[in-house]
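Asks: Below is the structure I would like to discuss, written out as structure tokens.
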Amino acid sequence: MKSNLITKMTLCGLLLNGFLASAQKNNLQVDALKSITKIEPTMYGVFFEDINFAADGGLYAEMIKNRSFEFETPMMGWNEPNSDRHKLNLQSGIANIIQYSQKGTNHNYCRVTINDASGYEMINEGFRGMGIKKDLKYNLSLKASKVSGDISKIKIQFIDKNKKVLGETSIVPTSKDWTNYTAQLTVTATEAKAQIRITFEGTGVIDLDAISLFPEDTWKGRKNGMRADLVQLLYDLKPGFLRFPGGCIVEGKTLALRYQWKKSIGNVEDRETMINRWNTEFAHKLAPDYFQSFGLGFFEYFQLAEDIGASPLPILSCGMACQFNTGELVPMDQIDPYVQDALDLIEFANGDQTTAWGKVRSDMGHPKPFNLKHIGVGNEQWGPDYIERFKVFQKAIKAKYPNIIIVSGTGPYPDGDYFDYGMAELKKLNAEIVDEHYYKDPAWFRKNVTRYDNYDRKGPKIFAGEYAAQSVAIASPDNKNNWECAFSEAAFMTGMERNAEVVHLTSYAPLLAHVEGWQWTPDMIWFNNLQSYGTPNYYVQKLFSNNKGTDLINITKDGKAVTGQNDLFASAVKDLNSKEVILKIVNAAATTQNVSIDVKGAKLDSKGTAITLKGDGINDENSFEAPTKISPKESEFKVNGGKIQYDFPAYSVTVLKIKMK
């Protein structure tokens, strides 16, 4: 009996000691008085790449696929269901592509011969269909030339899969000369997979080109503009920068297929269509109909950055094709045009109207400069060939524009020979900002929270330009935007924020993905033809970006940074504008953790706001059916003389905000 009593007392003592020890472990201290460094306005931004149908068929709201018949297969996207090309004497009509020029950018038009108007129709399938909404208006434009006959009307209709008409309009062609025509359709029913049908009244021959269709409801109501719901998701992030246009499309599979910004400006119909480098890159998701119309070009990217309050960050080719493809190099004695492209882009963005490229920008509708501060040289290049070319760009840009900050890169990996060589060489060149990329498993992100703790404070600043936790493996089609990936990224972000002295820009990648047109997973925002939603990763980005603060302050446990002790990760800032202390806490444990936080150096209100992000399990995801399943929830908490006692849920990301008196 006595032995049992001793055993029970000993066990109770051990449990009590364990409880006390556990409570002791979760005491955190915050020094709100001392500012360690300023948080850069560019700390959290967005990286846009035209992958996953992110531009045509996505952000760029054009609904007609192959509007100018310029795809490699010129009738791709267009069908003639009633045209029998094998019985020419019996057909109701036929469309033939006329190549009128091999020069310039717009080479083709479509010649339609109508033999029996009651039987001939052309149908455009759109980008995996066309998403249309009841009662909304859609603006059509096309160019036409009456060649012969008595074609009196062109009828344009939205139809569903059963060919039911969901809205229609018409135009009356009047001239043998090429003439621009416009009309508007009002939709009678919502449909995710609509198509456009074109029919004719009368018979004869008519030429068509630049057949275009946009919703009237674009971002800011701009004619031929951006898809409003997708831009709204970007705007809500309050991004510090917009990096564009990629990504590997900057490089191209070959130099001839690289992104050339000068071909992406000017009149939209004069921009040269080009096959997208992601069209057949991955056998798991071939997209031979993936092209770039460049309707979303460099002018529109700059304008988009301005619209969402972000600083523009364009990336240009350095004369190296993608090293995962051909790795084609421009010879060093032929690199001048590539360098000139960079100098001309800076003039396009910042030059006044008396400069050649500043005038081009002004004539496009933006007289004021875009206030470009950063430019990237190369996307994901590595090795001596990159360093040799970077030197030439660096010298030329700094000679003409000494205040422009140049972004360089260390290649596709966060470690290894390529990375070590690139970083060492770029340090020798006094590179200003180095772009690092990491696509790793969730555990890597939690284990590498201290990555930047020992980076040279006097060395290059860091741009974490592409990162995302991969639930399966890099480039796997089975990757998921699950909660474990998202909170692991949040843990890593606390490490980047703690090192804001070194880390100046960060962005998740890729940004957008069409649910039927993707090539790469995971992605931050998913969309179909009618809907879009932010993933848990999106909401992590939003929490950090919307609460980045102005000054980094210390949050510690026993004098050390909170980098995973007891599966807790933390960073802290204060915002001198809103007069708040803002704490970001990630609990990566499977159980709720009670934490005591002692804030010194500031008088705080007696209550604060908690914003919590969590899933029911680590494999939880958002979806079109439950788009906000994992999304921020707000609540109040008490503050007692600078002391906070708070229960952080299992697998959670929490932002605590307290007003300073």
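The values are calculated or read from the model by the stated rules, or taken from the named source; none is laboratory data. Worth saying up front: this structure is predicted, and the values here are computed from it rather than measured. As a convention, Cβ positions derive from the backbone with ideal geometry for all residues, glycine included, and neighbour counts pool all protein chains shown.
Asks: Could you please let me know if residue 37 is farther than 20 Å from residue 159 by Cβ, polar (S, T, N, Q), over 35 Å from the mean Cα position of the chain (by Cα) and modelled with pLDDT of 95 or more?
Replies: Answer is no for this residue.
Asks: Which one is nearest to residue 220 (Cα to Cα) among residues in segment 292-340 that are touching a helix residue (DSSP H, G or I) at 6+ places or on another chain (Cβ under 9 Å), of a type outside the set (Gly, Ala, Ser) and without any contact (Cβ under 8 Å) to a residue 12 or more places away in the chain?
Replies: 340
Asks: Can you tell which of 83, 68 is touching a strand residue (DSSP E or B) at 6+ places or on another chain (Cβ under 6 Å), over 30 Å from residue 524 (Cβ atoms) and modelled with pLDDT of 95 or more?
Replies: Result: 68 is the single residue among 83, 68 that is touching a strand residue (DSSP E or B) at 6+ places or on another chain (Cβ under 6 Å), over 30 Å from residue 524 (Cβ atoms) and modelled with pLDDT of 95 or more.
Asks: Over 26 Å from the mean Cα position of the chain (by Cα) and either outside the structural domain of residue 345 (by TED's automatic domain parsing) or buried (at least 19 other Cβ atoms within 10 Å of the Cβ) (or both) - does that describe any residue in segment 427-445?
Replies: No, every residue in segment 427-445 fails to be over 26 Å from the mean Cα position of the chain (by Cα) and either outside the structural domain of residue 345 (by TED's automatic domain parsing) or buried (at least 19 other Cβ atoms within 10 Å of the Cβ) (or both).
Asks: Restricting to segment 232-259, count the residues that are of a type outside the set (Val, Ile, Thr) and in a loop (DSSP other than H, G, I, E, B).
Replies: Total satisfying the criteria: 13.
Asks: Here's a check for you: in segment 187-212, which residue that is of a type in the set (S, T, N, Q) and either surrounded by fewer than 16 Cβ atoms within 10 Å (Cβ to Cβ) or modelled with pLDDT under 95 (or both) is nearest to residue 116 (Cα to Cα)?
Replies: This residue is 188.
Asks: For segment 639-661, how many residues are surrounded by fewer than 12 Cβ atoms within 10 Å (Cβ to Cβ) and not polar (S, T, N, Q)?
Replies: So the answer is 2.
Asks: Filter segment 291-309 down to the residues that are assigned to a loop (DSSP other than H, G, I, E, B), touching a strand residue (DSSP E or B) at 6+ places or on another chain (Cβ under 8 Å) and surrounded by fewer than 24 Cβ atoms within 10 Å (Cβ to Cβ) and list them by number.
Replies: Within segment 291-309, 295, 308 meet the criteria.
Asks: For residue 348, indicate whether it is in a helix (DSSP H, G or I) and either among the aromatic types (Phe, Trp, Tyr) or touching a Leu at 6+ places or on another chain (Cβ under 6 Å) (or both).
Replies: yes
Asks: Report yes if some residue within segment 499-519 is on the phi < 0 side of the Ramachandran plot, assigned to a helix (DSSP H, G or I) and assigned by TED's automatic domain parsing to the domain that holds residue 462; otherwise report no.
Replies: Taking every residue of segment 499-519 in turn, none turns out to be on the phi < 0 side of the Ramachandran plot, assigned to a helix (DSSP H, G or I) and assigned by TED's automatic domain parsing to the domain that holds residue 462.
Asks: Within segment 201-227, how many residues turn out to be more than 16 Å from residue 186 (Cα to Cα) and of a type in the set (Ser, Thr, Tyr)?
Replies: So the count comes out to 1.
Asks: Do we have any residue at all in segment 55-62 that's farther than 30 Å from residue 498 by Cα, of a type in the set (Phe, Trp, Tyr) and at pLDDT 50 or above?
Replies: Taking every residue of segment 55-62 in turn, at least one turns out to be farther than 30 Å from residue 498 by Cα, of a type in the set (Phe, Trp, Tyr) and at pLDDT 50 or above.
Asks: Looking only at segment 479-490, decide whether some residue is part of a loop (DSSP other than H, G, I, E, B) and either without any contact (Cβ under 8 Å) to a residue 60 or more places away in the chain or among the aromatic types (Phe, Trp, Tyr) (or both).
Replies: Yes - at least one qualifying residue is present in segment 479-490.
Asks: Only one residue in 255, 233, 208, 242 is farther than 30 Å from residue 329 by Cβ and in the same structural domain as residue 323 (by TED's automatic domain parsing), so which one is that?
Replies: Checking each option against the conditions leaves just 233.
Asks: Pull out all pairs, ordered by first then second residue, where Cβ-Cβ is under 9 Å, the residues are six or more apart or on different chains, the first lies in segment 394-419 and is closer than 14 Å to residue 464 by Cβ, and the second is among the aromatic types (Phe, Trp, Tyr) and surrounded by fewer than 13 Cβ atoms within 10 Å (Cβ to Cβ).
Replies: 412/324
Asks: How do the strands (runs of 3 or more DSSP E) wholly within segment 544-661 filter down when requiring 1 or more residues that are acidic (Asp, Glu), in contact with a strand residue (DSSP E or B) (Cβ under 6 Å, 6 or more places away or on another chain) and touching a residue at least 60 places away in the same chain (Cβ under 8 Å): which remain?
Replies: 551-557, 580-587, 593-600
Asks: Condition check: in contact (Cβ under 8 Å) with a residue 60 or more places away in the chain and closer than 19 Å to residue 313 by Cα. Does residue 379 satisfy that?
Replies: Yes.
Asks: Confirm whether residue 254 is surrounded by fewer than 18 Cβ atoms within 10 Å (Cβ to Cβ), more than 24 Å from the chain's Cα centre (by Cα) and not aromatic (Phe, Trp, Tyr).
Replies: No, not satisfied.
Asks: Just to verify a result, which residue in segment 310-331, among those that are in contact with a strand residue (DSSP E or B) (Cβ under 8 Å, 6 or more places away or on another chain) and not aliphatic (A, V, I, L, M), is nearest to residue 247 (Cα to Cα)?
Replies: Applying the filter and picking the extreme gives 314.
Asks: Determine if segment 208-221 includes at least one residue that is more than 24 Å from residue 300 (Cβ to Cβ) and in contact with a strand residue (DSSP E or B) (Cβ under 7 Å, 6 or more places away or on another chain).
Replies: Within segment 208-221, one or more residues are more than 24 Å from residue 300 (Cβ to Cβ) and in contact with a strand residue (DSSP E or B) (Cβ under 7 Å, 6 or more places away or on another chain).
Asks: If we only count strands (runs of 3 or more DSSP E) wholly inside segment 116-198, which ones have 3 or more residues that are over 25 Å from residue 230 (Cβ atoms)?
Replies: Here the list reads 137-149, 153-159, 165-171, 179-186.
Asks: To continue, here is another question. Can you pull out every residue in segment 32-65 that is closer than 26 Å to residue 520 by Cβ and not in a loop (DSSP other than H, G, I, E, B)?
Replies: Of everything in segment 32-65, those that are closer than 26 Å to residue 520 by Cβ and not in a loop (DSSP other than H, G, I, E, B) turn out to be 46, 47, 56, 60.
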